[in-house]
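Working notes, structure below.
Just so it is clear, none of the values below were taken in a lab; they were calculated from the coordinates. As the structure is a prediction and not an experimental result, all values here were calculated from the model. A quick note on method: Cβ atoms are made from the backbone with ideal geometry, for glycine too, and the neighbour counts reach across all protein chains shown.
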Amino acid sequence: MEGAQVGQELRRTPLFDEHRALGAKIVAFAGWEMPIQYTSILEEHERVRSACGVFDLSHMGEFWFRGPGARDWVSSLTTNDVAKLEVGQAQYNLMCVESGGIVDDVIVYRTDNEEYLMVVNAANVAKDAAHVSRALPASVRFEDASPRTALVAVQGPRASVVVMAVTNLPVREESIEALPAFGVRRARVADAEAVIARTGYTGEDGFEIFVEWDRAPQVWNRLLVAGASNGVRPIGLGARDTLRLECRYMLYGNDIDETTNPIEAGLSWVVKLDKGEFRGRPAIAAMKERGPSRKLVGLVVQGGVARHGHEVTMEGAVVGNVTSGTFGPTVRKNIALAYVPTGLAAIGTAVCVRIRGKDVPATAGKTPFYKRSG
């Protein structure tokens, strides 16, 4: 993100004017003009860990699958066991190509008996739409609702208090606070019809709220007003990245892509080889059986901040590459993710990261670097 230039060809979310009014620094990200920070990345990161923050994620993509064949079709596209989802539940998932490479990491929500919502990464919307609609059966209706859907996330220890203040659930529901992790419901949020889920990308408690495009400003502003007494602030994509990296959450295009297999990325827990056939299953099963030649590991870097593309070395020889790196404000360490040979993946292994031509000591560490208590 750093140093990205804003161009006229970039798209804007329905909250662009709100970001400008709040003094956000705007950068180009995945084809959009997005806020990277409002105050400082450090302050915003700590705000989410200690109180609550509101994020504009309207650049993300939203796909709907409806019809009697929706469950089986979504299951054939994904590695996790979608058939186990009850109505009102969500699941982290992967889509892969036949070679086992990762097309995207997604969240799948079952919103009704024959209805599923899939949220995909912003840079992958067109690619993913082509992938999921290839050989689409007649029993499934596919809709790319990305152009008409806005997404606002509320994340942090006080998220439920803030969201409750502006949310009305159907009478049969007790409270938004009772919504379990990875639960999803339809509700009215700030007087707008919404789909609301207890999901997020920060490692904290939180909610993601899907509304019609033109309703986003009223939802955003009502959340900021309702949350003012609980320390709510707008949060940019810079802090979103440091928050997710402390938790070892994947960033597509950095940590995973179509050249990476879920097994080497440490995502075997998202792959259910016993559920039946799905795209990429034979290749993934083969790698699991023989074992990967490389693994994605966490590194604690002793001096300097590692960045995407930096080389990992041992005794001067290049042995791997950094996929993501930052200073972790909560853990107070320079942290990174990197692919290294399997033989060097054990916790405690000493390597170096080549930063500005200098080999800086680093150690393979336990991940996630941060996990909230409770």
Quiz item: Do the sum for the chain: with -39,500 (n - 2.57) for every DSSP H run of n ≥ 4, divided by all residues, what is the mean residue ellipticity at 222 nm, to the nearest 500 deg cm²/dmol?
Solution: -5000 deg cm²/dmol
Quiz item: Taking the chain as a Gaussian network, Cα atoms linked when under 10 Å apart, which of Val48, Val162, Val225 shows the biggest mean-square fluctuation?
Solution: Val225
Practice problem: With a point put 7 Å past each Cα toward its Cβ, work out how far Glu98 is from Ala286 in nm, to one decimal. | Solution: 1.2 nm
Self-check item: At most 14 other Cβ within 10 Å, DSSP loop - trypsin sites (Lys or Arg not before Pro), region 296-374
Solution: Arg332, Arg356, Lys366, Lys371, Arg372
Quiz prompt | Hydrodynamic radius by Kirkwood, which averages 1/r over all alpha carbon pairs of region 293-374, in angstrom | solution = 12.4 Å
Quiz item: Rounded to the nearest 5, what % of the DSSP beta bridges within the chain are antiparallel ones?
Solution: 95 percent
Quiz prompt | Of every Cα-Cα pair in the chain, the percent that sits beyond 31 Å | solution = 37 percent
Quiz prompt | Magnitude of the charge dipole, the chain, Cβ model with Lys/Arg +1 and Asp/Glu -1, debye to 20 | solution = 760 debye
Quiz item: Which residue, Ala153, Ala181, Ala306, has the most motion in a Gaussian network model of the chain that connects Cα atoms within less than 10 Å?
Solution: Ala181
Practice problem: Can you tell me the FRET efficiency between Arg372 and Ala135 if r is taken as the Cβ-Cβ distance and R0 is 41 Å, rounded to the nearest 0.05? | Solution: 0.50
Quiz item: For the chain, what's the relative contact order in percent, using C-alpha pairs closer than 8 Å and at least 6 residues apart?
Solution: 17 percent
Self-check item: For region 84-91, 3J(HN,Hα) per residue [Karplus equation, 6.51 cos²θ - 1.76 cosθ + 1.60, θ = phi - 60°, Hz, x = Gly/Pro]
Solution: 7, 6, 8, 4, x, 10, 10, 8
Exercise. Please tell me which of these pairs span more than 30 angstrom C-alpha to C-alpha: Lys25/Lys295; Lys295/Lys333; Lys127/Lys272?
Key: Lys25/Lys295
Quiz item: Which GluC sites (Glu not before Pro) in region 85-124 pass both tests, a DSSP loop state and at most 14 other beta-carbon atoms within 10 Å?
Solution: Glu86, Glu98
Exercise. Could you check the simple spin-label distance between Glu193 and Gln302, using points 7 Å along Cα→Cβ, in nm with one decimal?
Key: 6.0 nm
Practice problem: Place the peptides 183-194, 229-240 in order of packing, highest mean first, counting for every residue the other Cβ atoms within 10 Å and averaging per peptide. | Solution: 229-240, 183-194
Exercise. Have a look at Lys272, Lys295, Lys84 and tell me which one the Gaussian network model of the chain (Cα, springs below 10 Å) gives the largest fluctuation.
Key: Lys84
Quiz item: Simple spin-label model, 7 Å along Cα-to-Cβ: Asn113 to Arg356 in nm?
Solution: 6.4 nm
